[in-house]
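Please read the structure below before turning to the comments.
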Amino acid sequence: MQKEELSSQNYNFSFWGGVNNTYSFQTENGIVYEVKLKPTPYFFDNPLYAENTYELSIIVADNPTGRSPIFDTKVSRTIAAIFEDFYLSSDEHLLIYICESADKRQNIRKTKFDRWFEHFAPMDYNKYDGGIQDSTGEIYPVSLILKDKNPHKAAIIVAFIDIIAGYNQDK
Amino acid sequence: METVKKELTKEERQANIDRLIARWKASQEESRRETEERVKTPEYQAMLRELRKKNAERGIVIPEL
């Protein structure tokens, strides 16, 4: 039922594949997004879930409007549909989303991302939020998304908290 | 498997965080470059045409700008 509802309210998307699991879609305003789910084995130390960890990037590939993209519920639903597609291959996939801060708009991005997440929250996903601060004082909001049925859920959440606290080991 | 977490100083933890952020930034940059290269390809334009067609079949009209 959920899937049916999504399919009638999202944009069509294309899967490019490749190492970075790239998906593309275009909005009614002509904005083209690329959603990448890039393997990020260095994030966690534990091999049980390190190999299933992916960094989520949402990139505006083309924006003919010349303005900052406005909130579009179809975009949310498309990203949700992409997630569904991606998680079909394994319930053990983990996503890490770190908000870009170069233009000081990380909190806006975080709010937008939270709104997107509202659209896939009912589909058995959990999101855990935190923030990491670099030595210049810049704070980067970071989210972990995993399926409720992930067998390593408890250990992953503990590891995520450790990373935020700086207990990640360089690999 | 039980592991014992090694206590780290504040400076060591900050260094870990800085390293993680640097790695992530490099990865983001690489992703952006990959996208910039892809949009120049004929395959990308073909994909947009195909997406426009599929969306139109479902009543979503995407203008050709």
Problem - For the range B:4-27 versus the range A:14-61, the gap between their alpha-carbon centres in whole angstrom - result: 23
Problem - Per-residue ³J(HN,Hα) for the range B:41-58, Karplus 6.51 cos²θ - 1.76 cosθ + 1.60, θ = phi - 60°, Hz, x for Gly and Pro - result: 8, x, 4, 5, 5, 5, 5, 4, 4, 5, 5, 4, 5, 5, 5, 4, 4, 9
Problem - Sequence of A:Lys153, A:Lys38 once ranked by neighbouring C-beta atoms within 10 Å, starting from the fewest - result: A:Lys153, A:Lys38
Completion exercise
Which of A:Lys38/B:Lys6; A:Lys74/A:Lys110; A:Lys36/A:Lys147; A:Lys110/B:Lys54; A:Lys110/A:Lys153 exceed 26 Å between C-alpha atoms? The answer is A:Lys38/B:Lys6; A:Lys110/B:Lys54
Fill in the blank from the handout: Only helices counted: for the protein assembly as shown, with every DSSP H run of 4 or more residues adding -39500 (n - 2.57) and the sum spread over all residues, [θ] at 222 nm is -13000 deg cm²/dmol
Fill in the blank from the handout: Honestly chain A on the Cα gyration tensor test (a ≥ b ≥ c root eigenvalues; a/c under 1.5 rounded, otherwise a/b vs b/c for prolate or oblate) is just oblate
Fill in the blank from the handout: Going from the fewest other Cβ atoms within 10 Å to the most, one would list A:Asp45, A:Asp148 as A:Asp148, A:Asp45
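Coordinate-derived values only; no laboratory data. Everything numeric here is computed off the predicted structure, so don't read it as measured data. Backbone-built Cβ (ideal geometry, glycine too); neighbour counts: all protein chains shown.
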